[in-house]
Amino acid sequence: IGVGLVGFGLFFILFGMLLYFDSVLLAFGNILFLSGLVFIIGFRRTFTFFFQRPKLKGTSFFFGGVLIVLMRWPILGMLLEAYGFITLFR
């Protein structure tokens, strides 16, 4: 279930970017991606991964970008998410 949710989430994010940053598709993709991540590695591990002390800057940018996309500012939100994703996984 988790791999399917992550796959559909990535599909909706890519499809939303192809359709000139459609905010509804991007928001739906973000929600599916995060819920799939929780299904794959569990709630506790997901929480501890995102909220470690050295990764708080990346986490705040990533979740801030998700929030901005949900508020229908898709380009700015995706830029914030990309920066947060890069700082989380470097």
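The values are calculated or read from the model by the stated rules, or taken from the named source; none is laboratory data. This one's a predicted model, so the numbers in the text were calculated from it and none came from an experiment. Backbone-built Cβ (ideal geometry, glycine too); neighbour counts: all protein chains shown. These area figures cover heavy atoms from the full protein model, side chains too; ligands, DNA and RNA do not enter into them. Shrake-Rupley method; radii C 1.70, N 1.55, O 1.52, S 1.80 Å.
Restricting to the stretch 22-34, name every residue that is surrounded by fewer than 17 Cβ atoms within 10 Å (Cβ to Cβ) and either assigned by the TED database to the domain that holds Leu76 or over 16 Å from Leu67 (Cβ atoms) (or both).
Selection gives Asp22 alone.
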(request) Determine the pairs where a residue that is at positive phi and surrounded by fewer than 21 Cβ atoms within 10 Å (Cβ to Cβ), located within the stretch 62-87, has a partner that is modelled with pLDDT under 95 and of a type outside the set (A, V, I, L, M) with Cβ atoms under 9 Å apart, the partner being 6 or more residues away or on another chain. (result) Arg72/Ser23
(request) May I ask you to verify whether Gly64 is in contact with a Phe, Trp or Tyr (Cβ under 8 Å, 6 or more places away or on another chain) and of a type in the set (Gly, Ala, Ser)? (result) no
(request) Looking at (1) free of Cβ contacts under 8 Å to residues at least 12 places away in the same chain; (2) open to solvent by less than 30 Å² (accessible area, probe 1.4 Å), find the lone condition where Arg44 falls short. (result) (2)
(message) Testing Lys55 on (1) basic (Lys, Arg); (2) open to solvent by 50 Å² or more (accessible area, probe 1.4 Å); (3) farther than 18 Å from Gly9 by Cα, one condition comes back false. Which one is that?
(response) (2)
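For the structure I just gave you, tell me whether Phe39 is over 11 Å from the mean Cα position of the chain (by Cα), over 25 Å from Trp73 (Cα atoms), without any contact (Cβ under 8 Å) to a residue 40 or more places away in the chain and assigned to a helix (DSSP H, G or I).
Working: over 11 Å from the mean Cα position of the chain (by Cα): yes; over 25 Å from Trp73 (Cα atoms): yes; without any contact (Cβ under 8 Å) to a residue 40 or more places away in the chain: yes; assigned to a helix (DSSP H, G or I): yes.
Yes: the conditions hold for Phe39.
Take Thr46 and decide whether it is over 11 Å from the mean Cα position of the chain (by Cα) and either hydroxyl-bearing (Ser, Thr, Tyr) or not in a helix (DSSP H, G or I) (or both).
Here the answer is yes, as Thr46 does meet what is asked.
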(request) Mind listing whichever residues of the stretch 2-11 are over 16 Å from Gly65 (Cα atoms) and either surrounded by 18 or more Cβ atoms within 10 Å (Cβ to Cβ) or of a type in the set (Ser, Thr, Tyr) (or both)? (result) Leu5, Val6
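Looking only at the stretch 12-21, count every residue that is more than 18 Å from Leu76 (Cβ to Cβ), open to solvent by 70 Å² or more (accessible area, probe 1.4 Å) and out of contact with any Asp or Glu (no Cβ under 9 Å at 6 or more places or on another chain) and tell me the total.
Let us first name the residues in the stretch 12-21 that are more than 18 Å from Leu76 (Cβ to Cβ), namely 12, 14-15, 18.
With open to solvent by 70 Å² or more (accessible area, probe 1.4 Å) added as a condition, the list becomes 14-15, 18.
Still in the running and out of contact with any Asp or Glu (no Cβ under 9 Å at 6 or more places or on another chain): 14, 18.
Going through the stretch 12-21 one residue at a time, the tally reaches 2.
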